[in-house]
1. Against the definition (more than 21 Å from residue 9 (Cα to Cα), touching a residue at least 12 places away in the same chain (Cβ under 8 Å) and not in a loop (DSSP other than H, G, I, E, B)), how does residue 76 come out, yes or no?
2. Scan segment 31-48 and report the pairs whose first residue is within 17 Å of residue 1 (Cβ to Cβ) and whose second residue is of a type in the set (Lys, Arg), with Cβ atoms within less than 6 Å and a gap of 6+ or a chain change.
3. Scan segment 11-30 residue by residue and report those that are within 20 Å of residue 60 (Cβ to Cβ) and out of contact with any Gly (no Cβ under 9 Å at 6 or more places or on another chain).
4. Just to be sure, is residue 97 of a type outside the set (D, E, K, R), within 19 Å of residue 23 (Cα to Cα) and in contact (Cβ under 8 Å) with a residue 60 or more places away in the chain?
5. State whether one or more residues within segment 56-73 are in a helix (DSSP H, G or I) and modelled with pLDDT of 95 or more.
6. When you go through (1) touching a residue at least 24 places away in the same chain (Cβ under 8 Å); (2) of a type outside the set (D, E, K, R); (3) assigned to a loop (DSSP other than H, G, I, E, B) one by one for residue 24, which number turns out not to apply?
Amino acid sequence: MTAKDEVCRIIAAIPYGRVTTYGAIALAAGLGRDARRVGWIISGLEDEHGLPCHRVVNVAGHLSGGWSFGHPDRMRQMLEEEGVRFVGEYDVDIRRHFWDPDLSAAADEMDDFQDIP
């Protein structure tokens, strides 16, 4: 699986009403701390992927990718429609809404043990 495929898989898994960060995606995708690479991958995605890229913010919860949606106001609107709260004009309440893809993957692996007789 390519880095792009892995990043897309993780973005597709971000739950409704939650956000994650470029750095968390990089770690979960095996890209180390290369959050910038994740940003470049996301910026190169076509709209037809249908991924919830609006749920990806920077480490402080800022809508750093907001211009990909025309204006950060549009990204904020999309998140608010999902119940995401803000602590500033373009800053998500990251403590309240953060989703960790690494913890999600660990939970999925634990579920796999249920299938062992």
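1. Working: more than 21 Å from residue 9 (Cα to Cα): yes; touching a residue at least 12 places away in the same chain (Cβ under 8 Å): yes; not in a loop (DSSP other than H, G, I, E, B): yes.
Yes: the conditions hold for residue 76.
2. Every condition considered, the pairs that remain are 31/37; 41/4.
3. Listed by number, the residues that qualify are 11, 14, 18, 20, 23, 24, 25, 27, 28.
4. When the stated conditions are applied, residue 97 passes them.
5. Our first condition is that a residue be in a helix (DSSP H, G or I); within segment 56-73, this holds for 66-69, 72-73.
Adding the requirement that they be modelled with pLDDT of 95 or more leaves none.
Taking every residue of segment 56-73 in turn, none turns out to be in a helix (DSSP H, G or I) and modelled with pLDDT of 95 or more.
6. Every listed condition holds for residue 24 apart from (3).
Listed here are the residues, each with its yes/no results for (1) buried (at least 18 other Cβ atoms within 10 Å of the Cβ); (2) touching a helix residue (DSSP H, G or I) at 6+ places or on another chain (Cβ under 7 Å); (3) farther than 17 Å from residue 103 by Cα; (4) aliphatic (A, V, I, L, M).
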site	(1), (2), (3), (4)
3	no, yes, yes, yes
9	no, no, no, no
18	yes, yes, no, no
29	yes, yes, no, yes
36	no, no, yes, no
50	no, no, yes, no
64	yes, no, yes, no
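The values are calculated or read from the model by the stated rules, or taken from the named source; none is laboratory data. Keep in mind it's a predicted model, so treat the numbers as computed, not measured. Because the Cβ atoms are built from the backbone with ideal geometry, glycine has one as well, and the counts that use them run over all protein chains shown.
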